[in-house]
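Structure first, commentary second.
The values are calculated or read from the model by the stated rules, or taken from the named source; none is laboratory data. None of these values were measured; they are calculated from a predicted model. So basically every Cβ, Gly included, is an ideal-geometry build from the backbone, and we count neighbours across all protein chains shown. The accessibility values were calculated without ligands, DNA or RNA, using every heavy atom of the protein model including side chains. Shrake-Rupley method; radii C 1.70, N 1.55, O 1.52, S 1.80 Å.
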Amino acid sequence: MEELSAGPLVPAVVKPEASRAAAADTGASAAASGDTFPASTSELDKDFLCPICMQIIKDAFLTACGHSFCYMCIITHLRNKNDCPCCGHYLTNTNLFPNILFDRLLKKTSARQISKTASPVEHFRQALQKGCDVTIKELDTLLSLLAEKKRKMEQEEAERNMQILLDFLHCLRKQKVDELKEVQTDLQFIKEDINSVEKHRMDLYRARDRYSVKLQMLDDSGGRKSWHSSVDKSSSGLISSPLNLRRGGLSSGSHTKKNDGKSQINSQGHGVQRRDAVTGSESPHINQSGLALVRKKRVHTQFNDLQECYLQKRRHAADKPHSQQEREMSLISREGYSVGLEDFQSVLTTFTRYSRLRVIAELRHGDIFHSANIVSSIEFDRDDDLFATAGVSRRIKVFDFSAVVNEPTDAHCPVVEMSTRSKLSCLSWNKYAKNQIASSDYEGIVTVWDVTTRKSLMEYEEHEKRAWSVDFSRTDPSMLVSGSDDCKVKVWCTNQEASVLNIDMKANICCVKYNPGSGNYIAVGSADHHIHYYDLRNISRPVHVFSGHKKAVSYVKFLSNYELASASTDSTLRLWDVKENLAVRTFKGHANEKNFVGLTVSSEYIACGSETNEVFVYHKEISKPLTWHRFGSPDMDDAEDEAGSYFISAVCWKSDRPTILTANSQGTIKVLVLAA
């Protein structure tokens, strides 16, 4: 997609400190030139000030009309005008004369002013320089006083240094004691959790042993029944054939023993076969062992992040009010786990469950009539049966998901195709009316379509510039919201032709999203680097402004009623708590500096595209990528050239399943699934 619109630049404001700094520099330069003036001119007569620069006169020159100025000030003035700045009389350079008396008077006044503010040491130094007579006894007395003063000052300085050192050591000890207490508390948590996990594991082992014993008993019972049936058949044969018994009793007996042995062997073989069918063959067992090793390796790779997650959840659970903790403990008392450990086990399970993205289907979105194939948006419908795509080709295409996955061909035809007047930026399915889908385009038009009839139901044309985003409410199927480059957020109702609500903002709107649990709250991502969270019942100011991104916020998506994910062109994703108005976590690993690369969320996972033509998947509790997949092209041999030419442009999870739709700027659509 095209680059994000840049927000307006904030004008630089010159602070008052800058002018004061300039004045200080002027004073410093004057001091460097050798002229000494009193620090404050308030006590001097105003006649000592130059009428032009309003500073103490430097190199005084007198005009023919009797006014004194700084030499450089009056020379500069006469280059532009030939008159006196005070009285306006005609004046040239030949009418200027050095004011020697004024300079002497000024120097004396300055010296007196300095002497008033000089320290006793300065007075004594000046007296010695002027040749003041001092006896040796007086010098000895002065030296002893100075030595005593020096010793006292050194002692005070040493005491201050020791106090500073002591304060530092006390602070360090307090900090380390607090850290030690925290570590001891963490160790206690870990000890309790190890005991709980060991106990639960032993319970699982005992349950497995009981299951194995029951299975063995069933196998043995089946073997005995088979043996008894064979014996009964042999006995019936002997009884029914007395002639055979008389003629060949021994051979018949030996034949019976052979049959008994065969039946036992068959019964044992049948039992072994059944155990294999239940517990799995040898090769699956080896695969399970290998999978366990892979999951352990995954844990060690992200050990620091997992450790932080565990401690955070464990401490948070311990800090909860006692009554609330008791209620939650009662829910999991049968497991013997703490609340924090239960939460972390869920994180660890979902994090280590998958390690890669596997392609299960691929199709080309482009057609022969359009060279531009960028897929700007891809979305599942209400039941995840259909998915729709839209982009710069000015077409909305609806595909049957099961047909795309199950049919081997990569040239799938859409079940529905609708043409539009302009390039499309975003799609949103109505989660109640299966046949309704909304679109936003580059001309600022928001359209509600009927997929069944392939016609537009409503067209809203109030936006003045390109509309980047549109979203249907999850709680009210007739409401939808849109955001545009005209810095406006508009709320629409499918039963009305005009917008029902309008929010004016100061920067371009890149994305809008309804809170899934309430039709009153929306999140707005803006080019001003912020996320504005609004209550539509009071739009005078946002409920909260989430700050942290360093560039434009390109996407916002809700994981739950209180968890909000955002994407930005600063190459980061962020997770926010809209209930507590807190920043939760920052995700880094993908590259995104200028394009819309897509963002999609499920209850546990966050996925986004990258400008390296890769799809990245994050677990919401871990800041580093869980896995990623690079789009490849059989027509290009150089992967690096391809990575620089194409980027992922749209992604979408299939509800809470490990299946994700992805599309790139080349028009390639892939169905990926998380795999172990």
message = If I filter region 449-469 down to residues being more than 35 Å from the chain's Cα centre (by Cα) and aliphatic (A, V, I, L, M), which single residue comes out as most open to solvent (accessible area, probe 1.4 Å)?
response = Leu457
request  = Look through Val299, Val294 and report the one residue that is open to solvent by 20 Å² or more (accessible area, probe 1.4 Å), β-branched (Val, Ile, Thr), at pLDDT below 85 and touching a Ser or Thr at 6+ places or on another chain (Cβ under 8 Å).
outcome  = Val294
task = Go through (1) small (Gly, Ala, Ser); (2) part of a loop (DSSP other than H, G, I, E, B); (3) surrounded by fewer than 19 Cβ atoms within 10 Å (Cβ to Cβ) and name the single condition Ala583 misses.
result = (2)
key: Only one of Val524, Val491 that is in a strand (DSSP E or B) and surrounded by 24 or more Cβ atoms within 10 Å (Cβ to Cβ)   = Val524
remark   = Residue pairs within 7 Å by beta carbon, gap of at least six or interchain, first lying in region 178-200 and of a type in the set (Lys, Arg), second open to solvent by less than 60 Å² (accessible area, probe 1.4 Å), listed first then second, are Lys199/Gly336
task = Answer with yes or no whether Ala567 is open to solvent by less than 40 Å² (accessible area, probe 1.4 Å), hydrophobic (A, V, I, L, M, F, W, C) and in contact with a Cys (Cβ under 9 Å, 6 or more places away or on another chain).
result = yes
